[in-house]
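Have a look at the structure below before the remarks.
The values are calculated or read from the model by the stated rules, or taken from the named source; none is laboratory data. What you are looking at is a predicted structure, and each value in this text was computed from that prediction instead of being measured. So basically every Cβ, Gly included, is an ideal-geometry build from the backbone, and we count neighbours across all protein chains shown.
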Amino acid sequence: MTELLYYLNIFGIVVFALSGALMAGRYKLDPFGVIVLAFVTAVGGGTIRDTILQTPIFWVVETHYLFVVLATALLTIVLIRQPKRIPKRFLLIADAFGLALFAVLGTQKSIALGAPLSVAIVLGTITGVAGGMIRDILCNVIPMILSKEIYALAAMLGGGLFVIFHLQGWPEDEAIVVAILGALLVRLAAIYWRVSLPAFDIIEKEPAEKEDIKKEGQ
């Protein structure tokens, strides 16, 4: 792992752990709950990716990531005492950085471990979105990936850009940085301008008997 990859991974862990800790604060969880949400958000996607690739799980091999998560969670508790007073976009922006970073880094790692390019994009997307999805499910809210948010699309874009640059022979570090910026800009633009995908909405028709009863009542 290059020095750039190492620090990008650390930064990704920090911002995702921060988003998990902030979510815990919104729902008034105790310190253990804060740490749990920070942990699953930060490492959930990478854990699933490494399991699928049948490679040692990254935080089991490099245990310092656990201390990064713990430190981020505890500092969030100490420094941010009123999460509900923080603008909602603060959590979304932290999540956006983690999404972009891990989507691209997950794609890069998958390619390095021999995954086909199309599979690498899928695994990169999983790396970027799965931690946040687990966080949201634990808080009993609809995950952003399942809502109208442009979320998974931004992750797939980041992975796709990296694959394109990889095929064109770009230096790896440059390809990673540009792909991350591409995914991040799309996600931040969607947050700022509240751009979303159209919802799939089915209006269920009431049974004929109920309609007749309503007409008779009128």
| task | Give the residues of segment 109-134 that are farther than 21 Å from Val36 by Cβ, touching a residue at least 60 places away in the same chain (Cβ under 8 Å) and surrounded by fewer than 24 Cβ atoms within 10 Å (Cβ to Cβ), sorted by residue number. | result | Leu113, Ala115
| Those residues of segment 118-165 which are touching a helix residue (DSSP H, G or I) at 6+ places or on another chain (Cβ under 9 Å) and closer than 16 Å to Leu22 by Cα, in sequence order | Gly131, Gly132, Met133, Ile134, Arg135, Asp136, Leu138, Cys139, Val141, Pro143, Met144
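For residues that are in a helix (DSSP H, G or I) and of a type in the set (Lys, Arg), scanning just segment 73-102, find the one that is modelled with the lowest pLDDT.
Lys84
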| Among the numbered criteria (1) touching a residue at least 12 places away in the same chain (Cβ under 8 Å); (2) assigned to a helix (DSSP H, G or I), which single criterion is violated by Thr55? | (2)
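Looking at Leu29, is it part of a helix (DSSP H, G or I) and not aromatic (Phe, Trp, Tyr)?
When the stated conditions are applied, Leu29 does not pass them.
Name every residue in segment 69-81 that is farther than 11 Å from Leu22 by Cβ and surrounded by fewer than 20 Cβ atoms within 10 Å (Cβ to Cβ), in order of residue number.
Those that are farther than 11 Å from Leu22 by Cβ and surrounded by fewer than 20 Cβ atoms within 10 Å (Cβ to Cβ): Leu70, Ala71, Leu74, Leu75, Val78, Leu79, Arg81.
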| Only one residue in Leu138, Leu181 is within 17 Å of Leu91 (Cβ to Cβ) and either at pLDDT 95 or above or in contact with a strand residue (DSSP E or B) (Cβ under 9 Å, 6 or more places away or on another chain) (or both). Which one? | Leu138
| How many of the residues making up segment 135-161 are of a type in the set (Lys, Arg), surrounded by fewer than 22 Cβ atoms within 10 Å (Cβ to Cβ) and within 13 Å of the chain's Cα centre (by Cα)? | 0
| message | Can you tell me how many residues within segment 80-109 are within 30 Å of Asp173 (Cβ to Cβ) and either more than 17 Å from the chain's Cα centre (by Cα) or of a type outside the set (D, E, K, R) (or both)? | response | 18
| said: Of everything in segment 152-166, what is in contact (Cβ under 8 Å) with a residue 12 or more places away in the chain and farther than 18 Å from Thr127 by Cα? Give them in sequence order. | reply: Phe165, His166
| Selection count, segment 4-53, where residues are buried (at least 23 other Cβ atoms within 10 Å of the Cβ), of a type in the set (D, E, K, R) and farther than 18 Å from His64 by Cβ | 1
